[in-house]
Amino acid sequence: MIQLRGQRLTLEQIAAVANGQEQVALSAEARSRIEASRTVVEKIVEENRTVYGVNTGFGKLSDVRIERGQLRELQLNLVRSHSCGLGDPLSEAEARAMLLLRANVLACGLSGTRAIVSETLVTMLQRGVTPVIPEKGSVGASGDLAPLAHLALAAIGEGEAFYKGERLASADALRRAEIEPLQLEVKEGLALLNGTQAMGAVGALALHRAERVVRLADVSGAMSLEALKGTPVAFDERIHAARSHTGQVEVATHLRELLQGSEIRKSHLENDPRVQDAYSLRCMPQVHGAVRDTLRYARGIVETETGSATDNPLVFAETGDVLSGGNFHGAPLALAFDFAAIALTDLLSITERRIDRLVNPDANEDLPPFLTPHAGTSSGFMMLQVTAVAL
């Protein structure tokens, strides 16, 4: 059970909750902070002070003052008007990760909401009510407004949700799960919409998969080296101590472990005229290692974001200040994900080059052409390599 208090969450924790392997609850510590920030918002309303998002319009309409009797309508209209995403829905795992990350942002106690808002999101996670969130509609610069609006829409009993393998009206899903639809109060619609939790959720789960892929690339690379009767000399510990990049050292160590005691290498040692292998085999520590280091950097950015308050304005209970800023901007995540995408492309490139060496009769050390015993009659893995190039 993860007790949410606005802390940093790891990729492993996000994936576990997203896949239904871990439960969450709102901590008493978070509840106390949430209630303190809510007191500030209620005082603003009571004193009839003008504060963005509390009693004004949004964005370009921020100079429009909203009368007290329309403040609830303001929040409801915001959620409805921004729920205009298009395309296929995010996977249930991605939508559950969004619920988790949004609940944890609110648990920071800087959003000015009531505790019931966070509790509703947590209960949806616990009971398996997952918002239907279209994948298109966010540009990131203003945060993930459309995707988070669809999340909020499901929480108030509008829009659609997945429940027990069925896609249905959110009102029906909440009723079956015995969850009371959320009734939005002052500032709460805005607090649910501002932030980076769509890109954070999708990206976090992608990074979690990517970290598995880079280890699998070591395994497939070691197998390719064996099949091509290559040498593990390039993975010698002394070579990598001379450069000492963390990922490079890790990969070289992993490859030595995978190839330890190789009977294939032992049988080939005395009769091997080659001095060194091709780049795609010899440079695995350098390339795979650089990818690991890049993913490690991206992980740090994502995990920092999971424990950050990303809405606007932020409510500081200690001083009573409500400050407008730009913590919803997606640049930190977007740049990290672009970096990770570049790195993964390079990983797939070197992997494809090893596939080529395995199937290409001009380079595969006398293995059958395209790994088929019936070359000509059968094309073997010819098109598999072409498909790898396309990917």
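Test Gln21 against the stated conditions and say whether it is exposed (fewer than 14 other Cβ atoms within 10 Å of the Cβ), in the same structural domain as Ala115 (by TED's automatic domain parsing), free of Cβ contacts under 8 Å to residues at least 24 places away in the same chain and part of a loop (DSSP other than H, G, I, E, B). Considered against the rule, which asks whether it is exposed (fewer than 14 other Cβ atoms within 10 Å of the Cβ), in the same structural domain as Ala115 (by TED's automatic domain parsing), free of Cβ contacts under 8 Å to residues at least 24 places away in the same chain and part of a loop (DSSP other than H, G, I, E, B), Gln21 comes out as yes.
Per-residue answers, yes or no, for (1) under 30 Å from Glu35 (Cα atoms); (2) assigned by TED's automatic domain parsing to the domain that holds Leu371; (3) exposed (fewer than 14 other Cβ atoms within 10 Å of the Cβ); (4) among the small types (Gly, Ala, Ser):
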residue: Val186; (1), (2), (3), (4): yes, no, no, no
residue: Val213; (1), (2), (3), (4): no, yes, no, no
residue: Arg238; (1), (2), (3), (4): no, yes, yes, no
residue: Ala241; (1), (2), (3), (4): no, yes, yes, yes
residue: Arg256; (1), (2), (3), (4): no, yes, no, no
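Yes/no per residue for (1) assigned to a loop (DSSP other than H, G, I, E, B); (2) without any contact (Cβ under 8 Å) to a residue 60 or more places away in the chain; (3) touching a Gly at 6+ places or on another chain (Cβ under 6 Å):
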residue: Ala341; (1), (2), (3): no, yes, no
residue: Thr345; (1), (2), (3): no, yes, no
residue: Thr351; (1), (2), (3): no, no, no
residue: Ala363; (1), (2), (3): yes, no, no
residue: Leu367; (1), (2), (3): yes, no, no
residue: Leu384; (1), (2), (3): no, yes, no
residue: Val389; (1), (2), (3): no, yes, no
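When Ala278, Ala290, Ala309 are checked against the criterion of being small (Gly, Ala, Ser), on the phi < 0 side of the Ramachandran plot and not assigned by TED's automatic domain parsing to the domain that holds Phe235, Ala309 stands alone in meeting it.
State all residues of the stretch 152-165 that are touching a residue at least 12 places away in the same chain (Cβ under 8 Å) and either closer than 11 Å to Thr120 by Cβ or part of a loop (DSSP other than H, G, I, E, B) (or both); if no residue qualifies, say none.
So in the stretch 152-165, the residues touching a residue at least 12 places away in the same chain (Cβ under 8 Å) come out as 152-164.
Passing the criteria: Ala152, Ala154, Ala155, Ile156, Gly157, Glu158, Gly159, Lys164.
Exactly one residue out of Gln7, Gln70 is within 31 Å of the chain's Cα centre (by Cα) and in the same structural domain as Gly165 (by TED's automatic domain parsing), and it is Gln7. For the stretch 302-335, the set of residues classified as crowded, with 16+ Cβ neighbours inside 10 Å, touching a strand residue (DSSP E or B) at 6+ places or on another chain (Cβ under 8 Å) and more than 21 Å from Ser138 (Cα to Cα) consists of Leu314, Val315, Phe316, Val322, listed by residue number.
The values are calculated or read from the model by the stated rules, or taken from the named source; none is laboratory data. Keep in mind that this is a model prediction, so the values were computed, not measured. For neighbour counting, all protein chains shown are included, and Cβ atoms are generated from backbone atoms with ideal geometry for every residue, glycine included.
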